[in-house]
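The values are calculated or read from the model by the stated rules, or taken from the named source; none is laboratory data. In this text, all values refer to a predicted model and were calculated from it rather than measured experimentally. Neighbour counts run over all protein chains shown; Cβ positions are idealised from the backbone, glycine included.
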Amino acid sequence: MWGMGDFIQVKESQVHYYCSVPLYCKADSGDFVLYKPKGKRINFTEDARTRPTQTYIHKRDSQTAVTELQKSFNTHLRQSLTPGGLTKVKSILCDIVSEAMSKPSETSLAQLPETIDIVFDGYGKNSQILKQLAESSTVDRSIMDHSINTMAITMLYCTHCNFSPDEARQLALAALLHDIGKTRLDPNIVITNRKLTDKEFEEYKAHSAIGHDIIKETASFDFSISRAILEHHERLDGSGYPRGIAHIGFEAQLIGLIDSYENLTHREKTYRKIKSPFDTLNLIKHEVVTKGTFDKTLFKELCTCLA
């Protein structure tokens, strides 16, 4: 007899994506019964009264379900890539990143390179669209929103600097995943708008090392991606974390710079108001000139591509 521990609830908005796995619902008796057999897709035009309020997949089908869901998201993303469809594109990207980060595994992360390819193919040559994608926002999805914005600005930078397609895609993937370690932290520390206590900040600083380990253990990505995740909070003057090193890979330098810019222009805190792009770049310029925290050439190129 199956129990609740054998099943995973499906989000109502995602039910129609599943075809290759069976879906289940709860009968009045409390037992789980087959709702949709394998090979059939739910038709949303059917009478809503005949649909269960909650549907489930069996845990044995979870990996197949994740693969199908991510592929469906990518198909939906490709179909939505129009200049006027940025809101929908941002929402789909948030769904993709949310699913990948909720339970990172080789299966859930495997579709992300295709996601990057789709966005590059659709928007890679249009700097204005990439800027608009980075400037658009969603509600209550701060980690996903920030990750996508950082990815979009990274794509913009790569296009501006004429990076090779392979290098640009690797950098965009690293940018998309740079904060994946935050998914393993206490959400109250990650999403709070107040200033963290010293103890909380020490816990928070672990996210880059945690993210590095997640990618190393679950994905077959290039070493440069996990290294960028580990080092994106390090600084050239040795003032960063987690190791306080000054010799940092190029990928981490770029993503760290863009990460800082995006946070200051999009993430309001009780102790820090959102800054305009101009004021943010002036603040970072001060860090570059007086402390050498970021590379001067990278900073100049970022200013140019954001102009």
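Applying a threshold of 9 Å to beta carbon distances and a minimum spacing of six or more residues, or different chains, the list of pairs starting in region 74-99 at a residue that is under 15 Å from Leu130 (Cβ atoms) and assigned by TED's automatic domain parsing to the domain that holds Gly122 and ending at one that is acidic (Asp, Glu) and surrounded by 17 or more Cβ atoms within 10 Å (Cβ to Cβ) reads Lys90/Asp145. The residue that is farthest from Gln253 (Cα to Cα), among those in region 208-226 that are acidic (Asp, Glu) and part of a helix (DSSP H, G or I), is Glu217.
Being under 27 Å from Lys103 (Cα atoms), in contact with a Pro (Cβ under 6 Å, 6 or more places away or on another chain) and of a type in the set (S, T, N, Q), is that true of even one residue in region 224-245? Checked against the condition, which is being under 27 Å from Lys103 (Cα atoms), in contact with a Pro (Cβ under 6 Å, 6 or more places away or on another chain) and of a type in the set (S, T, N, Q), region 224-245 yields no hits at all. Please state which one of Phe163, Phe201 is in a helix (DSSP H, G or I) and free of Cβ contacts under 8 Å to residues at least 24 places away in the same chain. Step by step, each of Phe163, Phe201 is checked, and only Phe201 is in a helix (DSSP H, G or I) and free of Cβ contacts under 8 Å to residues at least 24 places away in the same chain. The residue list Ser164, Ser127 contains one member that is loosely packed, with under 14 Cβ neighbours inside 10 Å and among the hydroxyl-bearing types (Ser, Thr, Tyr), which is Ser164. Could you please let me know if Glu135 is within 17 Å of the chain's Cα centre (by Cα) and either surrounded by fewer than 16 Cβ atoms within 10 Å (Cβ to Cβ) or without any contact (Cβ under 8 Å) to a residue 24 or more places away in the chain (or both)? Yes.
Out of the residues in region 220-242 that are polar (S, T, N, Q) and under 19 Å from Leu176 (Cβ atoms), state the one that is surrounded by the fewest Cβ atoms within 10 Å (Cβ to Cβ).
Our first condition is that a residue be polar (S, T, N, Q); within region 220-242, this holds for 220, 224, 226, 239.
Still in the list and also under 19 Å from Leu176 (Cβ atoms): 220, 224, 226.
Details: Ser220: 8, Ser224: 17, Ser226: 20.
The extreme case among them is Ser220.
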